[in-house]
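**Student:** I am attaching a structure below and will ask some questions about it afterwards.
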Amino acid sequence: MTTLILGKFLSGGDSAGGNISYTLAFRVGSIGLPRGVKVVGVVMVHPFFGGTKDDEIWLYMCPTNSGLDDPRMNPGTEDLARLGCEKMLIFVAEEDYLTVASKNYYEKLTKSGWKGTVELVENEKENHCFHLFDLDAEKALEMRHKFVSFLKQDHFKVQSSLKL
């Protein structure tokens with residue numbers, strides 16, 4: 001018999017994965033998780049939100065969308081206020097065309113009344129997902145150190161029990 005008990009959960013992703021992490025935090029804030037599990041943090045690296053040149057592609061790929069104001073791509077303030085996590089770390093890259101939308105997301109989140117804390121980190125003179133092309137580049141290492149520091153904060157120390 002295997003039993004795994006985790007009380008805390010962290011979600012993160014790059015690009016569209018950042019958007020998926022946001023969606024998870026929104027859904028948890030709306031419906032919760034079983035057995036007292038909670039999302040304590042979300043890390044979004046160069047997240048993909050609306051207001052970019054790729055909007056038409058997204059509208060085509062998601063035929064059930066509600067247009068450019070669909071909350072999956074352009075979250076409303078009310079949705080952001082209900083995020084089901086305690087802390088968020090958002091990375092943007094200065095030369096990434098998604099940066100404007102990500103900064104808009106950050107601004108709306110800080111004004112939404114959400115009870116958590118958020119930090120925005122901008123990598124100057126870098127482009128979308130630059131850290132994946134040269135893992136040992138100075139800015140990629142700095143980014144990784146920031147991510148690890150975020151994980152090591154006290155409220156992310158996971159207390160778990162595993163019985164095999």
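**Student:** Could you check the simple spin-label distance between LEU141 and GLU78, using points 7 Å along Cα→Cβ, in nm with one decimal?
**Tutor:** 4.9 nm
**Student:** Additional query: As an exercise, use a Förster radius of 35 Å and the Cβ-Cβ distance of ASP69 and GLU124 to find the FRET efficiency, rounded to the nearest 0.05.
**Tutor:** 0.70
**Student:** Can you tell me what percent of all Cα-Cα pairs in the stretch 65-126 are more than 18 Å apart?
**Tutor:** So the portion of pairs separated by more than 18 Å is 38 percent.
**Student:** If you count only protein heavy atoms with a 1.4 Å probe, what accessible area per residue comes out for the chain, rounded to a whole Å²?
**Tutor:** That works out to 59 Å² per residue.
**Student:** Can you work out the FRET efficiency for the pair GLU107 and ARG35, with r the C-beta to C-beta distance and R0 = 35 Å, to the nearest 0.05?
**Tutor:** 0.50
**Student:** Which of MET143, MET61, MET73 moves the most in a Gaussian network model of the chain with Cα springs under 10 Å?
**Tutor:** Among MET143, MET61, MET73, the largest GNM mean-square fluctuation belongs to MET61.
**Student:** Further question on the same structure: Once you put a point 7 Å from the Cα of LYS115 and another 7 Å from the Cα of SER149, both along the Cβ direction, what distance in nm separates them?
**Tutor:** 2.7 nm
**Student:** Same structure again: With a cut-off of at most 13 other beta carbons within 10 Å, and DSSP calling the residue loop, which GluC sites (Glu not before Pro) in the stretch 108-140 qualify? Please list them.
**Tutor:** Passing sites in the stretch 108-140 are GLU124.
**Student:** Here is a follow-up. Restricting to the chain, what percent of DSSP beta bridges are antiparallel, rounded to 5?
**Tutor:** Roughly 15 percent of the DSSP beta bridges within the chain come out antiparallel.
**Student:** Let me know the volume per residue of the alpha-carbon convex hull for the chain, in Å³.
**Tutor:** Here the figure is 145 Å³ per residue.
**Student:** So how much slack lies between ASP134 and ILE57, counting 0.36 nm per residue of separation and subtracting their Cα-Cα distance, in nm?
**Tutor:** Once the chain is fully extended between ASP134 and ILE57, it gains 24.9 nm.
**Student:** With a 1.4 Å probe and all protein chains left in place, how much of the accessible area of the chain comes from carbon and sulfur atoms, in whole percent?
**Tutor:** 56 percent
**Student:** Starting from the amide H of LYS38, placed 1.01 Å from N in the peptide plane, find each other amide H under 5 Å away whose residue is 5 or more places distant or on another chain.
**Tutor:** It is LYS8, PHE9, by chain and number.
**Student:** Amide H of MET88 versus every other amide H placed in the peptide plane: which residues, excluding those fewer than 5 positions away on the same chain, fall under 5 Å?
**Tutor:** Here VAL42, THR117, VAL118, GLU119 satisfy the definition.
**Student:** For the stretch 8-153, what does the relative contact order come out to in percent, with C-alpha contacts under 8 Å and a separation of six or more?
**Tutor:** 24 percent
The values are calculated or read from the model by the stated rules, or taken from the named source; none is laboratory data. The model shown is predicted, which means the values in this text are computed figures rather than measured ones. Cβ atoms come from the backbone with ideal geometry, glycine included; neighbour counts cover every protein chain shown. What goes into the accessible areas is simple: the full protein's heavy atoms, side chains included, and nothing from ligands, DNA or RNA. Shrake-Rupley method; radii C 1.70, N 1.55, O 1.52, S 1.80 Å.
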